[in-house]
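Here is the structure we will look at.
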Amino acid sequence: MKTTLLRSLFLTLVLALPASAEIAKVAGISFEAPASWKSSPPSSNMRKAQFSATDSSGNMAEIVFFHFGLNSGGVQANVDRWMKQFEDPQDQSTKSVKIGETNVTYAQAHGTFLSGRPFGPKTPKPGYALVAAIIEGKEGAVFIKMTGPKSAVDAHTDGLKKMVKGSLEK
């Protein structure tokens, strides 16, 4: 009986602990993902880490980390390519900031997202959004790209920006 009581108490304490955040280490930078994001194994060798995050309605955004070394094609070329993944990007914007000694460019847009692999067939997804960060790190740029239904992306934009800022202010 004592063992059962102790086991129940232990399980109650463990289940009451807050969810721990996942750490994604990419190009020498440790990113502490928001606790609500769910990590999964990268679905291709181009992806260094990937997460999913849902909004209160159950809509899911995908957050993917990329790193291609020191030769990544440049900030503007990547932003331009991302914007071309929309049929007619709405409210597209870019903003560059400096966090510590690191340049970061944020890009965002919404509209009909053309989902699919580069050079492959595309599936139009209306009502989607993109928020991305390009971190110009010492080991090359780290690209963090969040896409999904606009409500899900909007719900997790602040978390993405806080994660980037927190990782660079250490």
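The values are calculated or read from the model by the stated rules, or taken from the named source; none is laboratory data. Just so you know, these numbers come straight off a predicted model, no measurement behind them. Every residue, glycine as well, gets a Cβ built from its backbone with ideal geometry; the counts of neighbours run over all protein chains shown. Calculation scope for accessible area: heavy atoms of the full protein, side chains included, ligands and nucleic acids excluded. Shrake-Rupley method; radii C 1.70, N 1.55, O 1.52, S 1.80 Å.
List of remarks:
- Averaging 1/r over each pair of different alpha-carbon atoms in the chain and inverting the result gives 17.3 Å, the Kirkwood hydrodynamic radius.
- Calculated accessible area for the chain comes out at 60 Å² per residue, all protein chains present (probe 1.4 Å; ligands, DNA, RNA ignored).
- Among the chymotrypsin sites (Phe, Trp or Tyr not before Pro) in the range 82-126, those placed in a DSSP loop whose Cβ has at most 13 other Cβ atoms within 10 Å are Phe119.
- Taking 26 Å as the straight-line reach from the Cα of Lys161, the lysines in range (excluding those fewer than 8 positions away in the same chain) are Lys25, Lys38, Lys48, Lys84, Lys95, Lys98, Lys125, Lys138, Lys145, Lys150, Lys170.
- Exposed GluC sites (Glu not before Pro) absent - longest run of the chain, DSSP non-H/G/I/E/B, at most 16 other C-beta within 10 Å: 23-86
- Protein heavy-atom surface of the range 25-165, 1.4 angstrom probe: 49% of the accessible area is carbon and sulfur, with nucleic acids and ligands not counted.
- Choice from Pro118, Pro42, Pro126 showing the highest fluctuation, given a GNM over the chain with Cα pairs closer than 10 Å: Pro118
- Largest GNM mean-square fluctuation among Thr157, Thr54, Thr123, using the chain with Cα springs under 10 Å: Thr123.
- Each helix, a run of at least 4 DSSP H residues, gives -39500 (n - 2.57); summed and divided by the residues of the chain, these come to -8000 deg cm²/dmol at 222 nm.
- Top of Gly120, Gly140, Gly73 by mean-square fluctuation, Gaussian network on the chain, Cα under 10 Å: Gly120
- Dividing the Cα radius of gyration of the range 63-117 by its Kirkwood radius returns 0.99 for Rg/Rh.
- Applying 1/(1 + (r/R0)^6) with r as the Cβ-Cβ distance of Ile23 and Thr112 and R0 = 35 angstrom yields a FRET efficiency of 0.55.
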